[in-house]
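Working notes, structure below.
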Amino acid sequence: PGASHTIATTSPQAGAAGTRYLFSSWSDGGAMSHVVAPTAGATYTASFITQHQLTMSAGTGGSASPATGWQNAGASVPISATPDAGYAFSGWTGTGPGSYTAANNPAAVTMGGPITQQAAFAVSAATEFFDRAAFQAGSPPLVTVGFDGRAPGDGALTGNEFAAWGLTILQRDGHPIN
């Protein structure tokens, strides 16, 4: 019988920037660390899966998925963008082999290397908040317009919204208001 030896590897192993290697298997089917006792010359080969980092980000006005993380090389990975209220998705900008730059949503990238994807959003429309009860009671109402889909005062202003417009109603039911 041959002498016993422990063979082992580590996982993950670093590669070039944005690339790593995950242990997959040994040629003899053993675990990542295991004992062998060859009775003759033997070769044991460790196999690894190549992974690349997919870095996701989103501009103001929405979110992007999946989260930043490692993906298997060659995999087709679906990406999607979700706009916040008051915003619309405007497009993807991608860098790296297999990245995506266009306006389809959802879309997909093919992991040919490390990829960075950014989702962009634009203000879609003004959202009005009208105090109808005050108007019906005869008071000049205050109309506020939040360009990010929020009524002013429900969070920190983003710079993409009006704080408020004062509006004086000059007529009510077609008659001048005194």
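Being at pLDDT 95 or above and in a loop (DSSP other than H, G, I, E, B) is the requirement here; does THR101 meet it?
Spelling it out, THR101 is indeed at pLDDT 95 or above and in a loop (DSSP other than H, G, I, E, B).
What's the number of the only condition in (1) touching a Lys or Arg at 6+ places or on another chain (Cβ under 7 Å); (2) open to solvent by less than 30 Å² (accessible area, probe 1.4 Å) that TRP70 fails to meet?
(2)
Identify the single condition in (1) in a strand (DSSP E or B); (2) at positive phi that GLY74 does not satisfy, given that it satisfies every other one.
For GLY74, the exception is condition (1).
Mind counting the residues in region 12-32 that are farther than 30 Å from THR95 by Cβ, in a strand (DSSP E or B) and out of contact with any Phe, Trp or Tyr (no Cβ under 8 Å at 6 or more places or on another chain)?
1
Name every residue in region 33-50 that is out of contact with any Phe, Trp or Tyr (no Cβ under 8 Å at 6 or more places or on another chain) and farther than 18 Å from SER11 by Cβ, in order of residue number.
Those that are out of contact with any Phe, Trp or Tyr (no Cβ under 8 Å at 6 or more places or on another chain) and farther than 18 Å from SER11 by Cβ: VAL35, ALA37, PRO38, THR39, ALA40, GLY41, ALA42, THR43.
Which numbered condition in (1) exposed (fewer than 15 other Cβ atoms within 10 Å of the Cβ); (2) in contact with a Lys or Arg (Cβ under 8 Å, 6 or more places away or on another chain); (3) in a strand (DSSP E or B) is the only one that GLN51 fails?
Of the numbered conditions (1) exposed (fewer than 15 other Cβ atoms within 10 Å of the Cβ); (2) in contact with a Lys or Arg (Cβ under 8 Å, 6 or more places away or on another chain); (3) in a strand (DSSP E or B), the odd one out for GLN51 is (1).
Those residues that are touching a strand residue (DSSP E or B) at 6+ places or on another chain (Cβ under 9 Å) and open to solvent by 70 Å² or more (accessible area, probe 1.4 Å), I need them from region 34-43; list them, please.
VAL35
To keep it simple, each residue is scored yes or no on (1) polar (S, T, N, Q); (2) open to solvent by 60 Å² or more (accessible area, probe 1.4 Å); (3) more than 30 Å from VAL123 (Cβ to Cβ).
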site	(1), (2), (3)
THR6	yes, yes, yes
ALA17	no, yes, yes
LEU22	no, no, yes
SER47	yes, no, yes
SER65	yes, no, no
PHE89	no, no, no
GLY94	no, no, no
THR101	yes, yes, no
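The values are calculated or read from the model by the stated rules, or taken from the named source; none is laboratory data. Because the structure is a prediction, the values reported are computed rather than measured. All Cβ positions, glycine included, derive from the backbone under ideal geometry; neighbour counts span all protein chains shown. All accessible areas refer to the heavy atoms of the entire protein, side chains included, with ligands and DNA or RNA removed. Shrake-Rupley method; radii C 1.70, N 1.55, O 1.52, S 1.80 Å.
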